[in-house]
Every structure is written in C-alpha cells, then in structure tokens.
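This report refers to the structure that appears directly beneath it.
The values are calculated or read from the model by the stated rules, or taken from the named source; none is laboratory data. Just so it is clear, the structure is predicted and the values come from calculations on it, not from any experiment. Ideal geometry is used to build each Cβ from the backbone, glycine not excepted, and the neighbour counts take in all protein chains shown.
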2 protein chains.
Amino acid sequence: MRVSREQVAENRRQILEAAGRLFRQRGFEAVTVAEVMKAAGLTHGGFYGYFASKDELIATTLTELMAAPDPERVTLEAYANRYLTSEHMADCAGGCPVAALGTDIGRQSPAARAAMTEGLRRQIDRLGEGAARDDRRAARQNAIGSWAAMVGAMILARMSDDPALAQEVLKETRAFIEKRAKRTPGES
Amino acid sequence: MRVSREQVAENRRQILEAAGRLFRQRGFEAVTVAEVMKAAGLTHGGFYGYFASKDELIATTLTELMAAPDPERVTLEAYANRYLTSEHMADCAGGCPVAALGTDIGRQSPAARAAMTEGLRRQIDRLGEGAARDDRRAARQNAIGSWAAMVGAMILARMSDDPALAQEVLKETRAFIEKRAKRTPGES
DNA sequence: TAATATACATGATGTTGATCATGTTTATGA
DNA sequence: TCATAAACATGATCAACATCATGTATATTA
C-alpha cells in the first residue's frame, strides 16, 4: 500500500500539525504516538517511517511551531493585545507554544531546547523592531520584559480555576505592558 | 513493622518534600510513585497508606508548596530581585512551583488547580501590599504585571540553552519591573 | 503484658505505550 | 509494462508503572 510522493509530504504535514495541537493541549508525555498518528489519519505502525523516535517528533514539532513567523510588523502593544485575550487563553492547542509547554521544555532533548531558544531570539528581535534607532537598548529591554509578562500572564490565567481572576490577570497585564511601553525612553 | 506516631508524621513530611522536589525537577508524569517513596526513604508499597492515588499526592504536594508564606513584607522590586537570579534559575527543584510546573497545572485535577489558584490570589495580594492606601488599584496592577513578568522570565530563561540569553532575560526583566514600579503613581 | 491494629516491605497484576517485525499494496523508474 | 522498493497496516514485544494483596513486626492501649 505505497503512497504518492505528495501524499507522503501531506502525511508528514498532518502528523506534525496533529502533534503540535495535541502536545500543546495535553503535554508531551500524555500524548501517545498512536494518538498523533490517528489524528493524522494513519495508524501507529507507519510512524517510524517518518521519525526515529517520539523525542525526534517533539523536536521537529517544536521547530515547526516556532518557525511560523508573523510577517506583519506590529507594535508591542498591538501584539500584547492580541496575545492576552480570552480567545488565546481558550485555544491552548492552537496558541503560543511557550505558554502551552514552557515549563516542560527544559526537560526535553537538546534539539528541542535549541528550537525554542532560536524562537525566543527571533521573538525578542521582532518585538524590539518597532523602536527608534536611538533607543535600541530600551526597546530590547521592553521587548524582553513585555514578552516575559505576556507568557507569564497567559500561564497564570490558564492556571486559575476562577475565570474572573484569569480575566483580571490578562487585563491588568495588558495595561501594565501598555503603560510601560509608552514610557520607553530615558530610564536608568 | 509498625512505626511510631511521630515517625508516621515525619514520613508523610518526607514524602511530600521528596515529591515537591522531584515534581519540580522532572514534571508530574516523569516522576514515579516508587521514586518518590525511595527518595523519602521508604518502599513503594506503603504509598497507598498515605495517599489514595498519585493524583492526590500531586494535589497535596501543590497545596503544601503554595502554602509556605514568606512572612516578611518585601517590596515588589526586592522580591523580583530575589526571584530573577541565576541561583533560582538553577534551583528548579527548590524554586517557585509556578515557574517549574505552570504549564502542566491546567492538565491536573481540580484540587490541584484550586491549590494553585489560591496561591496566585495570595501572591497578588502580598505583592500589592506595599502600596499606599490611595492607589490600591495601581498597586494591584503592578503586582499582577510584575508577577507575570517574573514567572514568564524564569520560564523563558530556563528554556534557553544559551546561558547568555538566559541571563539577559533575567536582567532585563528585573530592570523592566523596577522601572515600572518606580513611577507607579498617577496613571490612567 | 497481651491483644490488636497499623505501617510498611515484598511481591503480584494489569495496563499502557514505545518500538519493532512482517506482509501487502502500489507509486515509481527503467 | 515489470521489477522494485517505499508506505503503511496489523500484530507482536518488552518494559515501565500505578495500584493491589499479603505477610510481618511493632507501637498502642487496655
């Protein structure tokens, strides 16, 4: 039951997409290789034709997830306002990989960590881009602090079993970042 | 081979401490009941005399970890400066439970989430305490935003396989928070 | 001190899940 | 068109683990 070249590429895409969603939803350990394959419309047997191990699947999935670049150049505040929403909070499977899996990354393979580190670098650069040429340093600091706040806020909000508290965290962190970004220039 | 009443209490303490360290170090799923018991100086068999299940151990451990209150009243900046350090970054097993396990909490039992939510509430209150009576709202916002930034920064730093980048994240987030806190009064 | 119940060690059990082995079908290249 | 090898389905294997069952020694208490 061989399959066409394009079908293979498509299958690989499906596997990685399914893995991306399942891992973000339920975590690396809780998701089964067989489950991923089923979600991709295949059976477990074929898996090792695509990846050497579950670890390799994890690393490849993370690389894929972190690669997707937002091409549009947005301001920090605009980005934060899209990030810190109820929709994003509800959509763990389709949302930010760091907010979904962050605390597990340190326990994964070197390849997985490398993918995330690369993504972190890119994200800091991107978020710092909007700034004037003369305060690059402040812009980078804003990018880092704001990105940390976004990630932390989403994790805290998702942790909470009280929706009101979760909303408060998102909203106040939004305001925190916005205020902060306005006063970028000239700080010690 | 019965054991004295105090020994039982001591054993329970040891189990919870071992669990707290192991979970933070390696995550909930990767840690084995037998491992926890061994680290507590016992064998796996006795476990179910203390807890009904691994899930119950997780919930109880988190409750315990989140209960520990810093009695000292510190400023936000002081707290952040203790939190965002290389030492804390290296000491995952003994450090902040949110930074170690945050993204896994949403996948745990209701009891576990409740414990974390309670801890989050307490933490926000504590960090907001230092403020003057007249800008409670701003103080609370600062507490939330800063706490989110701390948690996020620690997670990002631990994620990175590049020590320099990790240090930068810690340092810049420290500065980001400090800046913010200095100019609290009179905001929209 | 004797009787009892308890805490724990040792040793199952049953399931789950990663990974491998094999056979069948069919795209591909000659 | 044919031979070949790739993809994948089905069906092992093998180990890890949560949880349970049982026996034993000893703290407790009457």
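Scanning segment A:150-170 for residues that are more than 14 Å from residue A:90 (Cα to Cα) and touching a residue at least 40 places away in the same chain (Cβ under 8 Å) yields A:150, A:151.
For every residue, the table says whether it meets (1) polar (S, T, N, Q); (2) modelled with pLDDT of 95 or more; (3) in the same structural domain as residue B:120 (by TED's automatic domain parsing).
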| residue | (1), (2), (3) |
| --- | --- |
| B:11 | yes, yes, no |
| B:17 | no, yes, no |
| B:22 | no, yes, no |
| B:29 | no, yes, no |
| B:44 | no, yes, no |
| B:47 | no, yes, no |
| B:51 | no, yes, no |
| B:74 | no, no, yes |
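Residue count for segment A:37-54 satisfying the condition of being of a type outside the set (Val, Ile, Thr) and more than 18 Å from residue A:5 (Cβ to Cβ): 11.
Here residue B:148 meets each of (1) closer than 15 Å to residue A:166 by Cβ; (2) more than 7 Å from every other protein chain (Cβ to nearest Cβ) with one exception, condition (2). Screening the candidates B:80, B:93 for the property of being closer than 16 Å to residue B:21 by Cα and touching a residue at least 40 places away in the same chain (Cβ under 8 Å) yields one hit, B:93.
Using the structure shown, decide if residue A:12 is surrounded by 14 or more Cβ atoms within 10 Å (Cβ to Cβ), under 18 Å from the mean Cα position of the chain (by Cα) and not acidic (Asp, Glu). Here the answer is no, as residue A:12 does not meet what is asked. Of the helices (runs of 4 or more DSSP H) lying entirely inside segment A:5-68, the ones with 1 or more residues being more than 12 Å from DNA strand C (Cβ to nearest atom), of a type outside the set (D, E, K, R) and within 14 Å of chain B (Cβ to nearest Cβ) are found at A:5-26, A:54-67.
Kindly provide the set of residues from segment B:31-46 that are among the hydroxyl-bearing types (Ser, Thr, Tyr) and within 8 Å of DNA strand D (Cβ to nearest atom), ordered by number. Answer for segment B:31-46, where residues must be among the hydroxyl-bearing types (Ser, Thr, Tyr) and within 8 Å of DNA strand D (Cβ to nearest atom): just B:32.
Looking at B:102, B:94, just one residue is modelled with pLDDT of 95 or more, more than 14 Å from chain A (Cβ to nearest Cβ) and more than 16 Å from DNA strand C (Cβ to nearest atom), and that residue is B:94.
It is to be established whether one or more residues within segment A:61-69 are of a type in the set (Asp, Glu) and away from DNA strand D (no atom under 16 Å from the Cβ). So far as segment A:61-69 goes, yes, one or more of its residues are of a type in the set (Asp, Glu) and away from DNA strand D (no atom under 16 Å from the Cβ). Those helices (runs of 4 or more DSSP H) of segment B:79-155 in which at least 1 residues are surrounded by 20 or more Cβ atoms within 10 Å (Cβ to Cβ) and not aliphatic (A, V, I, L, M), considering only elements entirely within it, cover B:97-105, B:110-128.
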